[in-house]
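Beneath this line is the structure, given in structure tokens, with notes to follow.
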2 protein chains.
Amino acid sequence: MNIGDVATLSGLPAKTIRYYEDIGLVKPLRSSNGYRTFRESDAHKLAFLGRARALGFTIEDCRNLLALYEDEERASAEVKEIAKQHLERIDGKIKELKEMRATLAHLVEECAGDHRPDCPILADLSMKRRDEDMRRKSA
Amino acid sequence: MNIGDVATLSGLPAKTIRYYEDIGLVKPLRSSNGYRTFRESDAHKLAFLGRARALGFTIEDCRNLLALYEDEERASAEVKEIAKQHLERIDGKIKELKEMRATLAHLVEECAGDHRPDCPILADLSMKRRDEDMRRKSA
DNA sequence: CTAAGGGCTCCCCCCGCTGGAAGGTCAACA
DNA sequence: TGTTGACCTTCCAGCGGGGGGAGCCCTTAG
């Protein structure tokens, strides 16, 4: 299989696949004309990578997951640990985003959004730390 | 004020402030020794930027917000529009993360996490698109 | 006089790709 | 046989939003 074929199969852009080779995630063979030649197993790995990335795992996570995937003797505990840590990262991000959302939604509600210049959003962004602390406490 | 002073006041690292000058968000003066000299207004802008960035606004958003902040004739509708768009971006990200979280949490639950190699997490990551679609539908 | 603690510029690094230029290869068709 | 046009190759640059660090200058206190 050439790169275009695995790209179609895995849903990853060819550029990304070349990059994954660069950083050592896949190691396709080369045919005499210099083209990359992918085996079935490479195609599987790439599909695996695509799904892991879609779940938000970092490239380093993927590298470790792939190593475990290939290791028949692995302990599922190792995999679970990686996934759990990732779950925590996701939870952290969700929390952060929700806090932003809450503040922002509040400000958007307060803002008249008309032709006048008075704007609570700008007022909040420009206000001093002391006031911000007060707002936080009252919220 | 030198850069260290505004860094302390705004809570932004000096590096970041230099970067903001680079991209034209602030335009401090220079004193004869080459040091940046920040006015009160620069300090306010930087604090403004720090808070806008903390709410997740992109640099380009910040640029626009800052312009509106400085424009006494602005219409609050313009500010509100930027904020609303950002709110939508945040909602999109939260949704995305929640979907990841749901899938991942399910997998983590299923995984025994012991010394044995059997692992539903790896099984899911390596399984074919058809099966994935089925799982999605049943979920 | 010297040392510490600012400040300055400059360039490379991070992540995870993405785009583009300049060129080689291959299959189909006239 | 020549010529398209779709592939493929490498390499270099850049995104956002800074961070790290080298190697230098300036200032102030002891």
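The values are calculated or read from the model by the stated rules, or taken from the named source; none is laboratory data. The structure displayed is predicted, hence computed values, not measured ones. No Cβ is skipped: glycine too gets one built from the backbone with ideal geometry, and neighbour counts run over all protein chains shown.
Taking segment A:22-44 as the range and being more than 11 Å from DNA strand C (Cβ to nearest atom) and either surrounded by 15 or more Cβ atoms within 10 Å (Cβ to Cβ) or not in a loop (DSSP other than H, G, I, E, B) (or both) as the test, the residues that pass are A:VAL26, A:PRO28, A:LEU29, A:ARG30, A:ARG36, A:THR37, A:PHE38, A:GLU40, A:SER41, A:ASP42, A:ALA43, A:HIS44. Within segment A:72-90, the set of residues being among the charged types (D, E, K, R) and more than 7 Å from every other protein chain (Cβ to nearest Cβ) comprises A:GLU78, A:GLU81, A:GLU88, A:ARG89. Test B:PHE57 against the stated conditions and say whether it is free of Cβ contacts under 8 Å to residues at least 40 places away in the same chain and in a helix (DSSP H, G or I). For B:PHE57, the condition - free of Cβ contacts under 8 Å to residues at least 40 places away in the same chain and in a helix (DSSP H, G or I) - is not met. One residue alone among B:GLU110, B:GLU72, B:GLU78, B:GLU96 is out of contact with any helix residue (DSSP H, G or I) (no Cβ under 9 Å at 6 or more places or on another chain), without any contact (Cβ under 8 Å) to a residue 60 or more places away in the chain and away from DNA strand C (no atom under 16 Å from the Cβ), and that residue is B:GLU72. Of all residues assigned to segment A:45-61, none qualifies as being outside the structural domain of A:LEU125 (by TED's automatic domain parsing), modelled with pLDDT of 95 or more and away from DNA strand C (no atom under 16 Å from the Cβ).
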